[in-house]
1. Ordered by residue, what ³J(HN,Hα) values in Hz, to whole numbers, does the stretch 44-55 give under the Karplus form 6.51 cos²θ - 1.76 cosθ + 1.60, where θ = phi - 60° and Gly and Pro are x?
2. Could you sort 179-188, 3-12, 32-41, 62-71 so that the peptide with the highest average Cβ count within 10 Å comes first and the rest follow in order?
3. Please list, in order along the stretch 85-102, the HN-Hα scalar couplings obtained from phi with the Karplus expression 6.51 cos²θ - 1.76 cosθ + 1.60 (θ = phi - 60°), rounded to whole Hz, x for Gly and Pro.
4. Between the stretch 102-144 and the stretch 24-88, what is the separation of their alpha carbon centroids in Å?
5. Go through 150, 105, 138 and say which Cα lies farthest out towards the positive end of the charge dipole of the stretch 87-152; charges sit on Cβ, +1 for Lys and Arg, -1 for Asp and Glu.
6. Translational diffusion coefficient of the chain at 4 °C, 1.567 mPa s, Stokes-Einstein with Kirkwood Rh over Cα pairs, in µm²/s as a whole number.
7. Need the full-extension length gain, residue 107 to residue 71, defined as separation in residues times 0.36 nm minus the C-alpha distance. One decimal, nm.
8. Give me the lysines in straight-line cross-link reach of residue 131: C-alpha distance below 16 Å, same-chain residues under 8 apart excluded.
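What follows draws every value from the coordinates through simple rules; no lab data is involved. As the structure is a prediction and not an experimental result, all values here were calculated from the model. Backbone-built Cβ (ideal geometry, glycine too); neighbour counts: all protein chains shown.
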Amino acid sequence: MLDVEHLGYSYGTAHALEDVSLSVDREELVVVLGSNGAGKTTLLNTITGTLTPQTGTVTFEGDDITGVPPHEVWRRGLVQVPEDRKLFTELTVAENLELGAPRDLSDADREARLAEVHELFPVLAERPNQKAGTMSGGQQQQLAIGRGLMSDPELVMLDEPTLGLAPDLAQNTLDSIAEINDGGTTVLLVSQKAQQSLRIADRGYVLENGTVALSGASEELIDEDRVREAYLGL
């Protein structure tokens with residue numbers, strides 16, 4: 001479904017990504033692990049066209065989308081929920097969700113998608129008129145994910161969705177992501193909660209200094225000494 005091959009990107013002379021390759025199959029949940037500065041966010045931004053890779057290719061659903069503008073990537077069904085959420089804080093919950101839906105969507109389809117988001121995150125149904133900026137961090141994260149789901153993506157990429165959340169809220173967020181995947185949406189997850197994320201994922205990749213240091217099935221990575229020591233704190 002998604003194939004990244006030999007991707008490279010530099011900020012000046014600093015190599016953020018170097019010969020990075022990974023794949024995500026339909027209906028998989030794949031996690032990307034790595035310390036701060038490993039290149040995780042740059043990877044997502046080059047996939048969605050926010051940054052244009054200097055080397056390598058990105059293929060989605062069989063089409064080369066390398067360097068395709070972000071709005072076109074979104075139109076094709078590949079959605080990124082950014083690390084900093086990028087909500088419209090002065091707009092209401094309902095207005096933020098509305099902005100996630102395609103403009104040409106029928107009223108019936110829009111209502112159906114909204115109902116799915118409300119079922120996943122009931123607090124968004126309870127507070128449609130609350131301004132996004134007045135919500136708690138966990139609620140804002142739910143809104144950011146819900147807005148991403150309003151376009152009914154084929155693949156959703158989540159950048160550090162548990163960052164800054166209390167442990168119980170972080171686990172709840174990961175449980176919701178697993179539920180999204182169980183519903184048939186393919187997920188590429190970047191997360192600092194390495195051990196918890198591997199437990200809900202099918203496969204994982206470990207980025208180290210802009211390169212893929214390790215990859216494999218989640219249960220294998222949990223048992224991998226390098227992962228346990230460097231990223232799981234075990």
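1. 5, 5, 6, 5, 8, x, 4, 10, 9, x, 8, 9
2. Highest to lowest by the protection proxy: 32-41, 179-188, 3-12, 62-71.
3. Ordered by residue, 3J(HN,Hα) equals 6, 6, 6, 8, 5, 8, 9, 7, 4, 4, 5, 4, 5, 4, 5, x, 8, x Hz.
4. Spelled out, the Cα-based centre of one part sits 23 Å from the other.
5. 138
6. D = 72 µm²/s.
7. Result: 10.8 nm gained on full extension.
8. Result set, ordered by chain and number: 86.
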